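Engineer: Here it is: the structure, laid out below.
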Amino acid sequence: MKPSEAMRIAWEAILKNKVRSVLTMLGIIIGVAAVIIMVAISAGTEATISEQITSLGSNLVFVQGSFQRGGPGQIPTGGLVYDDAAAIQDNVSGVVSVVVEQNSSETVKVGDVTLENVELLGTTTGFPSVRDMDIAEGRYFSEKELERKSKVAVLGSTIAEELFGDENPIGQTITVGNTKLVVIGVFEEKGLVGNTDFDSRVYLPISVVFQKFIFNPFARFMGDNIRMVYVEVDPAANLDDIITQIELLLIKRHEVTADTADFAITTQQDIIATQESTTAAFRSLLAWVAGVSLIVGGIGIMNIMLVSVTERTREIGIRQAVGATPSDIRIQFLTEALLLSIVGGLIGIFVGVGGSYIFGLISDMRTVIQASSILLAFGSAAIVGAFFGYYPANRAAQLDPIEALRYE
Amino acid sequence: MTAQQTIIQTIDLTKVYGMGDVSVAALKGVSVDILAGEFVAIMGPSGSGKSTLMHILGCLSHPTDGRYILDGEDVSHMDRAQLAAVRNQKIGFVFQAYNLLARTSALRNVTLPLLYNHANPKTLAEGDEKARVVLELVGLADRMNHQPHELSGGQQQRVAIARALINDPVMVIADEPTGNLDSHSGEEIMGLLHVLHQKGTTIVMVTHDPKIATHTQRTIHLLDGLVDNVVNNGHDVAQVSDLRYKEAK
């Protein structure tokens, strides 16, 4: 039988049973659409995350302190102290600037507005450039204000709006805990980076945080504890070399060995790599789930085709009587299964692309439609159709013509 | 019609269903010869093996033993695909229940065997032309776009006969062709078969109706899987045809 004839017969059979054909295709339609939508969501998430990571600032090395608390009554030891940052700045070559962060949370009041548990971020003057934050209004605090422990604050865009609404916050006073701070600037909107909302924090000189918001009775002997040191490095410098220098310096300063180090150094590349492996795992999980629905769709085709073969036993008998060979019958039903899954796949592409687009519009998630997922889903649909169509087609081909002609 | 050639020759055909103790022999050694251009009836009570014999003669199944030579070719041991090709090119079937494809026009039903004629493929246009010729022969030229449910039983059987003729078979096997028809339509169909016979088509008809059987030249009576006797119905080919066709009209 000529392929064009097989296609024509299959197409007629599909059109003769429109409702059944659509129901048969439903599984494939959903499967293909699911693959496209899920891949679009995960690609969208991935794109968002990688943009966020780049927006952390470039060429960063993160030095994070890890505390080793002793038993009750003992002095907590280890971790990074404020002076470590200065030491890194002074002793490691290839460092452009060093930013220190220590956070706390306090109640913030302005007039009638009271916000509980607002994150305070004590930091240094290099912060805006290292973390890639721009001032929208006013200015950032200066080295002098940092040294003098000036009571000034720079607000994130969200908190500025919550506290002052349409009013200009510059020059206004806010009460943080029991301390009054003067607002000298507001950052531009930055958005959520990872789990950190940069826009709902209050930024102030770290010296003020140490003095007013973190009580550390041991600071006089050990220095002020800090959570994190951000080191911005010269893009031209050797990153591994800088990491080694920082490691050696801190080991010496803290009087520890490499095995008992009370700090950890990570780079932006490490974070990107971690995020990428997480999103890759996420994406392949989604693809598998969608793939399973495609297989379920294929089983649906097989079931309906088996029913169809039984229903059309008489027709098969007639065709055999007038000379259809087993392979003619097999080709006919295989073509039908294939055509069903291809048409289902095409409808699925429409639904998937449209669904991704609509999903991106109505939800917070971003969707990026991947051409590769369309090809993959469509190809899988065709393969699934051929694979699951084979068994019913073969059943039809093996029917005995006499039995088939007698079938009522 | 002179020097008639043998179209069907069976030698000791047997057919056994089942195996071992539960096996049933439907045919126990049937040898018949049917010549080209003959119109033969196969008769017998139910269980006599006439359906089994028809299935083997129609290449729908294999004999268990014995030989079947159709148009000079031994088809006893052909595989399913080869038998399908023989059915397609050498045999036209007319069934009691018409067996047309539902929701398919008379024209497409008639062209159905052409789809499977791999040896002599025809273009769609050639096939349609041929189908028009045979539909005209059976008197349904004006009904070719009708679907089976829009046709009477007699008309459906005419479509089936047209389908049987489309590949120019060496013989037509008719299985109780008038069984589902009223007597008037039955006479018409018999008349049509006589016309075909007159034009030289070999026809083997299975029936249980002695009246219908007398329309043919010879009746082969089967009983318990064996040929009981062969009755010559005693009239010349042409005479029968003329007579019956006039009656049908």
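Engineer: Tally time: how many residues in the stretch B:114-136 are facing chain A (nearest Cβ under 8 Å) and free of Cβ contacts under 8 Å to residues at least 24 places away in the same chain?
Structural biologist: Number satisfying all stated conditions: 2.
Engineer: OK, next. Of all residues in the stretch A:308-353, count the ones that are outside any helix (DSSP H, G or I) and closer than 23 Å to A:Met25 by Cβ.
Structural biologist: The total comes to 1.
Conditions (1) at pLDDT below 80; (2) closer than 30 Å to A:Ile28 by Cα; (3) in a helix (DSSP H, G or I); (4) β-branched (Val, Ile, Thr), marked per residue:
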site: A:Arg253; (1), (2), (3), (4): no, no, yes, no
site: A:Thr257; (1), (2), (3), (4): yes, no, no, yes
site: A:Ala261; (1), (2), (3), (4): yes, no, no, no
site: A:Ile272; (1), (2), (3), (4): yes, no, yes, yes
site: A:Ala280; (1), (2), (3), (4): no, yes, yes, no
site: A:Ser284; (1), (2), (3), (4): no, yes, yes, no
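Engineer: Any residue that is more than 12 Å from chain A (Cβ to nearest Cβ), of a type in the set (Ser, Thr, Tyr) and without any contact (Cβ under 8 Å) to a residue 24 or more places away in the chain - is there at least one of those in the stretch B:176-185?
Structural biologist: Yes; the residues of the stretch B:176-185 include at least one that is more than 12 Å from chain A (Cβ to nearest Cβ), of a type in the set (Ser, Thr, Tyr) and without any contact (Cβ under 8 Å) to a residue 24 or more places away in the chain.
Engineer: Test B:Phe39 against the stated conditions and say whether it is of a type in the set (Phe, Trp, Tyr) and within 14 Å of chain A (Cβ to nearest Cβ).
Structural biologist: no
Engineer: Separate question: Out of the stretch B:69-113, which residues are within 10 Å of chain A (Cβ to nearest Cβ), outside any loop (DSSP other than H, G, I, E, B), out of contact with any Leu (no Cβ under 9 Å at 6 or more places or on another chain) and of a type in the set (A, V, I, L, M, F, W, C)?
Structural biologist: Residues satisfying the conditions are B:Ala81, B:Ala84, B:Ala85.
Engineer: Select from the stretch A:354-386 the residues that are closer than 20 Å to A:Leu26 by Cα, crowded, with 17+ Cβ neighbours inside 10 Å and not hydrophobic (A, V, I, L, M, F, W, C) and list them in ascending order.
Structural biologist: A:Gly355, A:Ser356, A:Ser373, A:Ser380, A:Gly385
Engineer: Next question, about the same structure. Look through the stretch A:351-389, keep the residues that are touching a Leu at 6+ places or on another chain (Cβ under 8 Å) and touching a residue at least 60 places away in the same chain (Cβ under 8 Å), and return whichever of them is farthest from the other protein chains (Cβ to nearest Cβ).
Structural biologist: Among those residues, the one meeting the criterion is A:Ala377.
Engineer: Another question, then. If we keep just the residues of the stretch B:146-166 that are buried (at least 24 other Cβ atoms within 10 Å of the Cβ) and of a type in the set (D, E, K, R), which is nearest to the other protein chains (Cβ to nearest Cβ)?
Structural biologist: Here the answer is B:Arg163.
Engineer: Also, I was wondering about something else. Assuming B:Ala164 fulfils every condition listed in (1) within 15 Å of B:Gly58 (Cβ to Cβ); (2) free of Cβ contacts under 8 Å to residues at least 24 places away in the same chain; (3) not hydroxyl-bearing (Ser, Thr, Tyr) apart from one, which condition is it?
Structural biologist: In the conditions (1) within 15 Å of B:Gly58 (Cβ to Cβ); (2) free of Cβ contacts under 8 Å to residues at least 24 places away in the same chain; (3) not hydroxyl-bearing (Ser, Thr, Tyr), B:Ala164 misses (2) alone.
Engineer: A further question on this structure: Please work out if B:Ser48 is within 18 Å of the chain's Cα centre (by Cα), modelled with pLDDT under 95 and not charged (D, E, K, R).
Structural biologist: No: the conditions fail for B:Ser48.
Engineer: Moving on. With (1) at pLDDT 95 or above; (2) closer than 19 Å to B:Asp228 by Cα as the list, and B:Gly29 as the residue in question, which single condition is left unmet?
Structural biologist: Status for B:Gly29: all satisfied but (1).
The values are calculated or read from the model by the stated rules, or taken from the named source; none is laboratory data. Since the structure is predicted, the reported quantities are computational estimates derived from the model, not experimental observations. Cβ sites come from the backbone with ideal geometry, for glycine too, and all protein chains shown count toward neighbours.
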